[in-house]
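K.L.:
I'd like to ask some things about the structure below.
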Amino acid sequence: MRHRQSIGDRFFHVLNHSFFILFTLVCIFPFYYLFINTISSNDLVRKGLVNFWPIGLHLDNYIKLTGVGDLTNAFLVSLSRTALGTILTVAASGFIGYIMTKRELWRRKVWYRFMVVTMYFNAGIIPWFTNMQMLGLTNNYLAYILPGIVNVFNIIMVKTYIESIPKELEESAEIDGASVLLIFRRIIWPLSKPILATIAVWSAVLNWNSFVDSLVLMSAKPQLYTLQHRLWIYLNTTNNLQALMSTNTTTVSAAILEGALNAKVVKYTIAMVTAIPILIVYPFMQRYFEQGIMLGAVKG
Amino acid sequence: MRSPEKANLTLKSVGAGSLEILFRVAVILLFVMLFVPGANPARIVDKVNRNLSLFTSGFFYRDLVADMGRLLDKGWIRKGTMLLVYFSSMTACLGILAAVAGACMSLGNAPLKRLGRLFGAGGGAIAALGMLGVSRAHAELLSYLDLEKAKPLEPSGISVVLGLCAIVIALSLLALALSPAPAKGERARLDTRMELFLLLLPFLLLVFLFCYLPLWGWRYSFYDYHPGGTLSKESFVGFKWFVFLFQNDATVRDIVRVLKNTLAMSGLGILTSWCPMAFAIFLSEVRSVRVRRIIQTLTTIPNFISWVLVYAVAFCIFSTDGFLSSVMVNAGLWANRKNLLMGDQHIWLKMLAWGMWKGLGWSAIMYIAAITGIDQQLYEAATVDGAGRFQRMWHITVPELIPTYMVLLLLSVAGILSNGMEQYLVFENASNTNPMAVLDLFVYKLGIDKGVIPLSTLVGMVKSLVSVALLFGANAISKLVRGSSIV
């Protein structure tokens, strides 16, 4: 049975819906605006005439930017660190999380505390930098990978999850004489897939978005800059296309400059390339992202 | 008759136990020696980079001779000498790694222990051989080097490593002699508890390297250090920077300004921390599940893009060439295009707004989940009693959400000094530096851009300590008020 809507009710719903529609538009319109400006006639874009819908569709900007050496490079750096970082974090979190559930582990509590305590303090950015320098990880690709492998928060999530799996499966395998590694691979890994998927999507986003490590650690090696770092540099340089290209790239061909590219379009296109992976992947993976924050909340 | 024998046995096993521990400690020290640049035995001449460790010297020839191209070309330092250093270092590294493997094996049963001792003795001997090679190269270098061209050094690391090797060899051999030969046919194996530990060990090392070792970097705040320089007795200044922080007028002014910005922006965040809760409550009033899902998906997207991209978004909307200027100029409302990202007006509020744009939808998720968990009967009963929409929100939903809200509020109070630096870094420009500088950004610019390592380390250190104290404080309050801890 539904109540008849009173005028007050209707008024409330109109207002409520208007607010949410407006806020949603505010969240999403900038991406739409960026996108239509990258696929519209570059001349109109330069004049500021593409504001609500695309005019003169083409994909030249995206194709031409693949010829800019430092961008392709930055894209590959970001992509590879995202892939490698995610795989390693997922594998390590699963494995350590599993080991942490084993009561046989020598001094289990000590090691667990040793890891958990690190969540509550932080030496600060300068000691982090001098430490990385001391370890020889400045201007070194490994600086993107190694520090991220062990993520204590992920380990806690996996541990909690595995502890909720019935012990019997593991025990029967143990009786059959299966080794720790075999049990992990054959039983624990498949059973903890949901939590590992959550860790994977979070880690992938963090890796893709990372900017400060590239900024602070890679100062002497521009070929290791991430895409985010490159985008920031492009956004902050002059609006003169010639200068923009010559300060930021060494391998730009004359053909690119000949085309109707302009500084605005270049900046927008790079921003779009940086945003597209997230915009495309996120809606399908939303479930896993939400799972992550819920499990984190349970623990917290 | 039997008891003295037993006592003897216990004594022997206790002796063996402490030998074992000594052996492992010595091996661990050797392992550490691999990675300490300050004690690199391969640094026999000042032209070997001071930041090089024995491990790098032994495996990367190019790094070893990176700074001596001309010296080698002219023959002032002979290539043969450096090659001898290189291969000797490599030998030493391999020997030490073998000894480490031996120490790991010593955690196993009798046959594995025996094998471990053989590895220990062998590895120690190989490492010692490597050290002798390095000192041979050193002697060779001294015999022909022109002191004008390069300064030979006396690496103390050589004797340290040699000493440790001797200890490792002696202990391994002693243990081999003392322990009875294991029964024939007994297979070498490792206890599950130790096996698990060894599997975990590499990851514990990573945690140590990237979470604990940075704390060692706090020592910079006690030195007069400049990038490229060294920490030495001469540059030790004790608490000079602590005093400087409070007595240098310019620094005090900076810190006060930065603290004002930090507290203002965090404060604004705390004042608006109820917004996600309100967002969630009103979103749950939208009847259509599908519409709700769509709104939720689209409003959470900004949370997952980086701050650089948020700045790109701001740039495409508010800059001179951006959407707003284009529309306003096209419509004839503005005479000229404007860059709204410039200027230092209302920076605190603008940063708050960007924070909201990015985070509001996502922060609401946790409340939305909590709302779905509320017992529907409560609402029905309230409706029967004549409660209106807002009364139901205020008297049922809000009280159910308050516990979650309190936890998040306490956490944000504990993090009041840490607003992160990315947001402020990307939005900063020449015209808004002053209101934009928060503590994290200030430390970054002071340390990385200006290279004032000691002072920036100090400020960061004080911040870290205060943050930990705040977290414990918040936790104590939570325990007192709610009866449960938040961390």
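The values are calculated or read from the model by the stated rules, or taken from the named source; none is laboratory data. Keep in mind that this is a model prediction, so the values were computed, not measured. We place every Cβ from the backbone using ideal geometry, glycine too, and count neighbours over all the protein chains shown. The accessibility values were calculated without ligands, DNA or RNA, using every heavy atom of the protein model including side chains. Shrake-Rupley method; radii C 1.70, N 1.55, O 1.52, S 1.80 Å.
K.L.:
For the list (1) at pLDDT below 95; (2) over 30 Å from B:VAL462 (Cα atoms); (3) within 8 Å of another protein chain (Cβ to nearest Cβ); (4) part of a helix (DSSP H, G or I), I need the number of the one condition that A:TRP106 fails.
P.N.:
Condition not satisfied by A:TRP106: (4).
K.L.:
Can you find a residue that is modelled with pLDDT of 90 or more, buried (at least 19 other Cβ atoms within 10 Å of the Cβ) and in a loop (DSSP other than H, G, I, E, B) anywhere in region B:19-37?
P.N.:
Scanning region B:19-37 turns up at least one residue that is modelled with pLDDT of 90 or more, buried (at least 19 other Cβ atoms within 10 Å of the Cβ) and in a loop (DSSP other than H, G, I, E, B).
K.L.:
Now for a different question. Any residue in region B:261-276 that is open to solvent by 50 Å² or more (accessible area, probe 1.4 Å), of a type outside the set (Lys, Arg) and assigned to a helix (DSSP H, G or I)?
P.N.:
Yes, there is a match, as at least one residue in region B:261-276 is open to solvent by 50 Å² or more (accessible area, probe 1.4 Å), of a type outside the set (Lys, Arg) and assigned to a helix (DSSP H, G or I).
K.L.:
Please work out which residue is farthest from the other protein chains (Cβ to nearest Cβ), limiting yourself to region B:193-226 and to residues that are open to solvent by 50 Å² or more (accessible area, probe 1.4 Å) and within 19 Å of B:LEU115 (Cβ to Cβ).
P.N.:
Within region B:193-226, the match that is farthest from the other protein chains (Cβ to nearest Cβ) is B:LEU201.
K.L.:
Kindly provide the set of residues from region B:461-487 that are within 9 Å of chain A (Cβ to nearest Cβ) and in a loop (DSSP other than H, G, I, E, B), ordered by number.
P.N.:
B:ILE486, B:VAL487
K.L.:
To continue, here is another question. Determine which single condition B:ILE371 fails, assuming it passes every other condition in (1) open to solvent by 30 Å² or more (accessible area, probe 1.4 Å); (2) hydrophobic (A, V, I, L, M, F, W, C); (3) within 28 Å of A:ILE278 (Cβ to Cβ).
P.N.:
(1)
K.L.:
I would also like to ask the following. Are there any helices (runs of 4 or more DSSP H) wholly within region B:397-460 with 3 or more residues that are in the same structural domain as B:MET277 (by TED's automatic domain parsing) and under 30 Å from A:ILE233 (Cβ atoms), and if so which?
P.N.:
Of the helices (runs of 4 or more DSSP H) lying wholly inside region B:397-460, those with at least 3 residues that are in the same structural domain as B:MET277 (by TED's automatic domain parsing) and under 30 Å from A:ILE233 (Cβ atoms) span B:422-427, B:433-436, B:439-444.
K.L.:
Please find, within region B:102-148, the residue that is farthest from B:ALA166 (Cα to Cα) out of those that are out of contact with any helix residue (DSSP H, G or I) (no Cβ under 6 Å at 6 or more places or on another chain) and of a type in the set (Asp, Glu).
P.N.:
The selected residue is B:GLU148.
K.L.:
Just to be sure, is B:ASN419 open to solvent by 70 Å² or more (accessible area, probe 1.4 Å), away from every other protein chain (no Cβ under 12 Å) and touching a helix residue (DSSP H, G or I) at 6+ places or on another chain (Cβ under 8 Å)?
P.N.:
Against the criterion (open to solvent by 70 Å² or more (accessible area, probe 1.4 Å), away from every other protein chain (no Cβ under 12 Å) and touching a helix residue (DSSP H, G or I) at 6+ places or on another chain (Cβ under 8 Å)), B:ASN419 does not qualify.
K.L.:
So how many residues does region A:173-218 have that are in a helix (DSSP H, G or I), in contact with an Asp or Glu (Cβ under 8 Å, 6 or more places away or on another chain) and closer than 29 Å to B:TRP307 by Cα?
P.N.:
1
K.L.:
Given region A:1-69, what helices (runs of 4 or more DSSP H) lie entirely inside it while holding 2 or more residues that are at the interface with chain B (Cβ under 8 Å from one of its Cβ atoms) and over 19 Å from A:ILE280 (Cβ atoms)?
P.N.:
Fully inside region A:1-69 and qualifying: A:7-39.
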